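The values are calculated or read from the model by the stated rules, or taken from the named source; none is laboratory data. Not measured: the values here are computed from a predicted model. Cβ placement follows ideal geometry from the backbone for every residue including glycine, while neighbour counts extend to all protein chains displayed. Accessible surface areas use protein heavy atoms only, side chains included; no ligands, DNA or RNA. Shrake-Rupley method; radii C 1.70, N 1.55, O 1.52, S 1.80 Å.
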Amino acid sequence: MPANAADRSLRRVVGIVALLNLGYFGVEFAVALAIGSVSLFADSVDFLEDASVNLLILIALGWSLKARARVGMGLAAILLVPALATLWALWSKFQLPAPPAPLPLTATGLGAMLVNFSCAMLLVRFRHHSGSLTRAAFLSARNDVLANIAIIIAGAATAMTHAAWPDMVVGAGIMLMNADAAREVWQAARSEHRAATGPRA
């Protein structure tokens, strides 16, 4: 596929992915607040972060390799936002460890998994296009599918135990996955920046 055609196709895909993430952020955030779920709160913030990442990719696609590498390093910082938000939510839950309602937790996690799986499938063929930018979007969608499976399991465990810990453990796991994705994107962006600026950068 010619570069211009590939760029146009990528722009269309990241636009769709941004809208899907923004839409489900509203759904998941509302449910998280309603039932007091740490894992859904963390995942909802992650949906908002994913929408921001894809919008940034849409803006930066035509830029130089050096400029895209700088944006990639910025995206690595953005990927840490859900982790910090989850720390705050975990601390709040420790103060009042009430379990979330298991059925809405499981159903919302299932919906999130379907959205993220769709996004990952849309992005998979572009994961090596435009370097760290599309790598950030693909890694985030891929990791979110795994996180959503864990949320579904947490819902089942909450129903069986009537305890807050399954939701809290999954929330902490989502935090660690986002931190690791940020590390991977940062390393890829740094390599691109060195390639664009020379060995002294």
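Taking Cα pairs under 8 Å and at least six residues apart, what relative contact order does the chain come out at, in percent?
Relative contact order comes out at 29 percent.
Once you keep just the Cα pairs under 8 angstrom separated by 6 or more residues, what percentage relative contact order results for the stretch 1-102?
For the stretch 1-102, the relative contact order is 32 percent.
In whole Hz, what ³J(HN,Hα) sequence does the stretch 40-50 give by Karplus (6.51, -1.76, 1.60; θ = phi - 60°), x for Gly and Pro?
5, 4, 4, 6, 5, 4, 5, 4, 5, 4, 5
In what sequence, largest accessible area first, do PHE47, PHE94 appear using a 1.4 Å probe?
If we order PHE47, PHE94 from most to least accessible, we get PHE94, PHE47.
Once you charge only the Cβ atoms, +1 for Lys and Arg and -1 for Asp and Glu, what is the size of the charge dipole of the chain about its Cα centre, to the nearest 20 debye?
Value, rounded to 20: 920 debye.
Hey, what do the phi angles of the stretch 74-82 turn into as Karplus ³J(HN,Hα) couplings, whole Hz, using 6.51/-1.76/1.60 and θ = phi - 60°, x for Gly and Pro?
Calculated HN-Hα couplings, in order: x, 5, 4, 5, 4, 5, 7, 4, x Hz.
Quick one: which of 166-172, 100-106, 9-15 comes out on top by average Cβ neighbours within 10 Å, and what's the full order, highest first?
166-172, 100-106, 9-15
Output the peptides 134-143, 175-184 sorted from most to least packed, where packing is the average of other Cβ atoms within 10 Å over each peptide's residues.
Packing proxy ranking, top to bottom: 134-143, 175-184.
With 15 Å as the cut-off, how large is the P(r) tail for the stretch 30-79, expressed as percent of Cα-Cα pairs?
Above the 15 Å cut-off, the stretch 30-79 has 53 percent of its Cα pairs.
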